[in-house]
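Here it is: the structure, laid out below.
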Amino acid sequence: MNVIYFLWLREMRRYVRSRVQIAAALGQPLLYLLALGFGMGPVFRSAGRGSYLQFVAPGVIAMTLLFTSVFSGIGILWDRQFGFLRETLVAPVPRVRVLIGRTLGGATVAVLQGLLVVGVSLIAGFRATHASMVPLVLLLMALVAFVFAALGSAIGSVLQDMQGFQLVMNFVVMPLFFLSGALFPLSGLPPVMAVVTRLDPLAYGVDGLRGTLIGATQFGVLLDILVLVTTAAVCLAVGRYLFSRIEV
C-alpha cells in the first residue's frame, strides 16, 4: 500500500505545483462551452431541444476527464525517459501496485480538473436540475477518470517514445470523444452510428453525467455505472498485463 500512496501523492504534488498545466487544461473546455454553448444555442433551441449549454456542459466535463486521465497514463513515457520508471519497477513490490498507484493518481487529477470545469460551467450559466444527485455525479466522474487513466497506462506501457503519441490522439482519444455524444444527441442516429456509439465507454460516462445533472439519459444511469465499472475492470486487467511486460 505504501507504493500506491507514494505514487498517488506524487501525482497530486505534480498537479498542484503545475499552475500552467491547470490553466492550459481549462482552455479547450472553455472554447467548447463558450463557442459551442452560445454559438450553437439558437440552432439547438430552434430544433426544440432547449438550451445547448445545458446539453453540452456534461459532455465538456466528460471530455476534460478523458483527456486529463489518458494523458496522465501516457506520462509513463516521460518516467521511462527520465529514469523514474526504472527506479519504480526495480522496487521489491508487485508491479500491479505501481500500476494502481499511477492510475489512482491520474484519476484523482482528472476529477479535480473536472470539478474546475464544473465551476466554469456554472459561471457560464449551466444549472444542474438535480442537486440531490451530487454523490452520483462524483461517482460517475471518478469512474470515467479511472477507466481512461487505466487505458492511458495500458497505452503508455506499449509505446516506446512520444512519436506514437499523435497516433494515439488521432485514432483512439479523438474518436472516443466525438462518438460519445458529448456534442450531439445519440437519439435518431443511423443504425451503424448507433451501434458504434454504444461501443464507446465514454458515451456511458457522458450519458450518466447528463442523466444525473439535467435528467436527460439515453441508456439509464444504472446501466451507465455498470458499463463503466466493467470497463474499468477490463482496462485495469489489460493494463496490468501490459505493464508487467515492460522491460527495465
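With the condition kept exactly as written, say whether any residue in the stretch 214-235 is part of a helix (DSSP H, G or I) and within 12 Å of P58 (Cα to Cα). Working first, answer last.
As a first pass, look at the stretch 214-235 and keep what is part of a helix (DSSP H, G or I): 214, 221-235.
Still in the list and also within 12 Å of P58 (Cα to Cα): 214.
Taking every residue of the stretch 214-235 in turn, at least one turns out to be part of a helix (DSSP H, G or I) and within 12 Å of P58 (Cα to Cα).
Which of (1) closer than 19 Å to L139 by Cα; (2) of a type in the set (F, W, Y); (3) within 17 Å of the chain's Cα centre (by Cα) does F178 not meet, given it meets every other one?
Among (1) closer than 19 Å to L139 by Cα; (2) of a type in the set (F, W, Y); (3) within 17 Å of the chain's Cα centre (by Cα), the lone unmet condition for F178 is (1).
Only one residue in F84, F126 is surrounded by fewer than 20 Cβ atoms within 10 Å (Cβ to Cβ) and aromatic (F, W, Y), so which one is that?
On inspection, the qualifying residue turns out to be F84.
Scan the stretch 87-123 for residues that are among the hydroxyl-bearing types (S, T, Y), closer than 19 Å to W8 by Cβ and either crowded, with 24+ Cβ neighbours inside 10 Å or in contact with a Pro (Cβ under 8 Å, 6 or more places away or on another chain) (or both) and jot them down.
T103
Then there's this: Among the helices (runs of 4 or more DSSP H) lying completely within the stretch 56-147, list those that include at least 1 residues that are aliphatic (A, V, I, L, M) and modelled with pLDDT of 90 or more.
Passing ranges, in order: 95-124.
Kindly indicate whether any position in the stretch 125-145 is within 25 Å of R80 (Cα to Cα) and under 17 Å from the mean Cα position of the chain (by Cα).
Scanning the stretch 125-145 turns up at least one residue that is within 25 Å of R80 (Cα to Cα) and under 17 Å from the mean Cα position of the chain (by Cα).
Can you confirm whether V56 is touching a residue at least 24 places away in the same chain (Cβ under 8 Å), closer than 23 Å to L236 by Cβ and either of a type in the set (A, V, I, L, M, F, W, C) or crowded, with 21+ Cβ neighbours inside 10 Å (or both)?
For V56, the condition - touching a residue at least 24 places away in the same chain (Cβ under 8 Å), closer than 23 Å to L236 by Cβ and either of a type in the set (A, V, I, L, M, F, W, C) or crowded, with 21+ Cβ neighbours inside 10 Å (or both) - is not met.
Follow-up. Would you mention how many residues in the stretch 220-244 are out of contact with any Ser or Thr (no Cβ under 7 Å at 6 or more places or on another chain), surrounded by fewer than 18 Cβ atoms within 10 Å (Cβ to Cβ) and either under 30 Å from V93 (Cβ atoms) or of a type in the set (F, W, Y) (or both)?
8
The values are calculated or read from the model by the stated rules, or taken from the named source; none is laboratory data. This one's a predicted model, so the numbers in the text were calculated from it and none came from an experiment. Glycine also receives a Cβ, built like all others from the backbone with ideal geometry; neighbour counts cover every protein chain displayed.
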